[in-house]
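The values are calculated or read from the model by the stated rules, or taken from the named source; none is laboratory data. Since we're looking at a predicted model, the values are computed, not measured. Every residue, glycine as well, gets a Cβ built from its backbone with ideal geometry; the counts of neighbours run over all protein chains shown. Just the protein is used for accessible areas: all its heavy atoms, side chains included, with ligands, DNA and RNA removed. Shrake-Rupley method; radii C 1.70, N 1.55, O 1.52, S 1.80 Å.
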Amino acid sequence: MKHWDAKRDSQLSYCKILKTNINVTDMEHTIAYITRNLDALKGDYICVSNVHTTVMAFRDKEYRRIQNSAAMALPDGQPLSIVSRKRGFSEARRVPGPDLMPKILELSQEKGYRHYFYGSSEYTLAELRKVLVKRYPKLQIAGMYSPPFRELDRQEDEEIVRKINDSGADFVWVALGAPKQERWMYEHRHRVNGLMLGVGAAFDFTAGATKRAPMWMQKLCLEWVFRILRNPRRMLPRYLNTNFAFLYYVHKENWALKKAKKQGMHIAMIGHKRIPSREGGVEVVVEELSVRMAALGHKVDAYNRFGHHVSGKKYDQEYGWKGRKFYKGVRVYIVPTFRRSSLNAIVYAFFATIMALFHSYDVFHYHAEGPCAMLWIPKLFGRRIVVTIHGLDWQRAKWGNFASFVIKFGEKMAAKYADEVIVLSENVRQYFADTYHRQVTYIPNGIGRPALREADFITEKYGLVQDGYFLFLARIVPEKGLHYLIEAFGKIETDKKLVIAGGSSQAMEYMEQIHRMAAQDDRIIMTDFVQGQMLEELYSNAYAFVLPSDVEGMALTLLEAMSYGNCCLVSDICENTEVTEDKALTFHKGDVEDLRRQLQYMLDHPEAVQEYGSRSADFICGKYNWDDVVDQTVALYRKVTNKGVPGRQRETE
């Protein structure tokens, strides 16, 4: 049996085909993913996509939004998996709905899953029940319903939703045909408690009401021919319309992608510590941008700072001086600097800039204010400069007077000499307008939808259980406000733990202060730096996430916490509330008593915590998307270099 690693399961991958996100998967991986994450997926829906639905989504913006809002869009049609493989996703395979349903039904006899069948005719449902009872004697059929061939009124709709939910169904199979079934699932997400799957003709195939094309025709992508021969009057117009349109649209899209690759740019990334790494938000952003741009055909070089990797010796060996020179298509250069010094960042920025001058880069992309102190050097040589301001770093308490001066100088250099400046919040955009009369571009960070994990490692190592702890996850530096949280937490009575996950960053005195404060409360657990499965389990099982910052840029940990469906409590600084809007609880910055009151409220009102959490994932994943971030950033590169071909085939919506 094939084993799928945790890294792959933690983030669903997809191939964008005609603007629809088709998951890169196969039958085994799909079943494993669904069963492992069933509790988290309940209330959501899965689309089973084919050529017909993909063309409809390409032509209909609203239907495309429904497809892309699904928890998964599986490649039912063979052509979709072929296109994915042609575009570099070698593991892409077909996952037909009529094959997926029987496999899950078979598994359910052992797992005890309950199933509700919604759609088709009463005759087909009756025949389906006979087949299922005979084929799967231990299967728990929670119910079946054939809706009338008209739209249900509100009362009828509420009644059927109540029946489905009262049945205790884990899976709700929907067979209304496209696009009706996808629209129905979208309208009923988070109203229907089970996981909804739109499987089209699967009821008819399984019940024997409709014959399915032989396997050889399916493998040769000729299933549509078989359906035309069976029902020419209905199927011929449909397939003439969508199949040939699909070939034309995909050919046109392939041509655009190839053209973009041929005219790809050469980009230098300067300012992060190192990639791959989760040492801070800057590192995550640089990795996401670099890897995705490289996949689009751009040549990206990342200038890693010499130093010890927080993940340990293995990473030092793998990505150090003698380690790998490429990471996921990105060329990695190691830049010498001091190991431990407040000057190591500025020394790194100087040497990285000098090294980069020996290459013919289209764009120098500096990240964070400190490294921008050196951008005047490439500017002297007429190079194009783009800067991302991740936050007003000079405000951070960890810096001394000289370091703050250098950072402030870098900010001025960015405002004066950068061709384009990117900011992550509206607050910082206004700051640059007021302080430097500089117009900047707002491009926020992105986030992907993760898979939830059951408590395993965290239970074994720390004794943590689901909903048994509040989570703080960030670098342990003064501006993150952790001291407020520890003080407020000490004033409430609860059996829940406070988990502090994060490493230090040139703030050893503060770290020692935090350790002393934490030692006075045996409910506080300090994990140090975490990543991989441990990190995913901490996000997946927290009662709530708390971010009490005094200063932020755009906190990626906040985006991640919300993407896992956590209720979040944040300080009311603009950089936090811009992200959360009304989807999180807030307290007044630096006010320990207000923070204590909000923590107590969350303990006293678990239903409110659940309500905030249930809305957070869809909200944040819909609001921030890495593909959009890359598109906007590449467009900015094109603007400053006068290379007008788009970085990917963009949606002009």
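Give the Rg (one decimal place) followed by the Dmax (whole number) of the stretch 111-230, computed from C-alpha coordinates and expressed in Å.
Computed over the Cα atoms of the stretch 111-230, radius of gyration and Dmax are 15.4, 47 Å.
Have a look at the DSSP beta bridges in the chain and tell me what percent are antiparallel, nearest 5.
If I count the DSSP bridges inside the chain, around 10 percent turn out antiparallel.
With just the Cα atoms of the stretch 53-197, tell me how far they stretch along each of the three principal axes, in Å, largest first.
In descending order, the Cα extents are 43, 37, 27 Å.
Would you please put 119-128, 365-374 in order of how densely packed they are, using the mean number of other Cβ atoms within 10 angstrom per residue and starting with the highest?
365-374, 119-128
Quick one: Cα convex hull volume of the stretch 518-653, Å³ per residue? Kindly include the intermediate steps, with their values, before the conclusion.
Values: hull volume 21.5 nm³, N = 136.
Dividing the Cα hull volume of the stretch 518-653 by its residue count gives 158 Å³.
How large is the Rg to Rh ratio of the stretch 159-228 when both quantities use alpha carbon positions and Rh follows Kirkwood?
Here Rg/Rh amounts to 1.09.
Of all accessible surface on the chain at a 1.4 Å probe, what whole percent is carbon and sulfur?
After summing per-atom areas, the C and S share lands at 52 percent.
In what sequence, highest mean first, do 180-187, 66-73, 193-200 appear when ranked by Cβ atoms within 10 angstrom?
193-200, 66-73, 180-187
Could you work out the helix-only [θ] at 222 nm for the chain, with each DSSP H run of four or more residues adding -39,500 (n - 2.57) and the total divided by the number of residues, to the nearest 500 deg cm²/dmol?
Value at 222 nm, helices only: -14500 deg cm²/dmol.
Could you give the distance between the Cα centres of the stretch 422-482 and the stretch 135-210, to the whole Å?
Taking the Cα centre of each part, the stretch 422-482 and the stretch 135-210 sit 38 Å apart.
In what sequence, highest mean first, do 538-547, 355-364, 439-448 appear when ranked by Cβ atoms within 10 angstrom?
The most tightly packed comes first, giving 538-547, 439-448, 355-364.
Which log10 I(q)/I(0) values does the stretch 366-452 give at q = 0.20 Å⁻¹ under the Debye formula, counting every alpha carbon as one identical point scatterer?
-0.89
Regarding the stretch 182-274, what are the three Cα extents along the principal axes, ordered largest first, in Å?
62, 38, 24
Could you point to the residue in Gln181, Gly565, Gly613 farthest towards the positive end of the chain's charge dipole, with +1 and -1 charges on the Cβ of Lys/Arg and Asp/Glu respectively?
Value: Gln181.
Lys134: which aspartates and glutamates have alpha carbons under 19 Å from its alpha carbon, excluding same-chain residues fewer than 8 sequence positions away?
Correct list for Lys134: Asp99, Glu106, Glu110, Glu122, Asp204.
What does the accessible area of Arg227 come to, in Å² to the nearest 10, when a probe of 1.4 Å is used?
Counting only protein heavy atoms, Arg227 exposes about 70 Å² to solvent.
Compute the acute angle (0 to 90°) between the alpha-carbon long axis of helix 97-111 and the principal axis of greatest extent of the alpha-carbon atoms of the chain; round to the nearest 10°.
Between helix and principal axis, roughly 80 degrees.
Could you please put Lys496, Lys325 in sequence from largest to smallest accessible area, using a 1.4 Å probe?
Descending accessible area places them as Lys325, Lys496.
Express the accessible area of the stretch 351-493 per residue in Å², computed with a 1.4 Å probe while the remaining protein chains stay in the model.
Result: 41 Å² of accessible area for each residue.
To test your reading of the geometry: what angle, between 0 and 90 degrees and rounded to tens, separates the Cα axis of helix 154-166 from the longest principal axis of the chain?
Tilt of helix 154-166: around 80 degrees.
Going by alpha carbons, how many degrees (0 to 90, nearest 10) lie between the helix axis of 281-295 and the longest principal axis of the chain?
It works out to around 50 degrees.
Quick one: order His115, His190, His437 from most to least accessible surface, probe 1.4 Å.
If we order His115, His190, His437 from most to least accessible, we get His437, His190, His115.
Largest first, please: the extent of the C-alpha atoms of the stretch 457-582 along each principal axis, to the nearest Å.
So the three principal-axis extents are 36, 33, 30 Å.
Accessible area per residue, 1.4 Å probe, Å², for the stretch 58-134: what's the number?
Averaged over the residues of the stretch 58-134, the accessible area is 44 Å².
Per residue and in Å³, how big is the convex hull formed by the alpha-carbon atoms of the stretch 266-309? All intermediate terms of the calculation are to be shown ahead of the outcome.
Values: hull volume 2.4 nm³, N = 44.
Cα convex hull per residue, to the nearest whole number: 56 Å³.
In this model, which of Lys61/Lys258; Lys19/Lys623; Lys16/Lys273; Lys416/Lys583 are farther than 28 Å apart at the alpha-carbon?
Lys16/Lys273; Lys416/Lys583
Read phi for every residue in the stretch 356-368 and hand back ³J(HN,Hα) as whole Hz from Karplus 6.51 cos²θ - 1.76 cosθ + 1.60, θ = phi - 60°, with x for Gly and Pro.
With coefficients 6.51, -1.76 and 1.60, one gets 5, 5, 7, 10, 8, 7, 6, 9, 9, 10, 8, 10, 6 Hz.
How many times 2.2 N^0.38 Å is the alpha carbon radius of gyration of the chain?
Rounded to two decimals, the normalised Rg is 1.03.
For the stretch 100-149, what is the convex hull volume of the alpha-carbon atoms per residue, in Å³?
That works out to 65 Å³ per residue.
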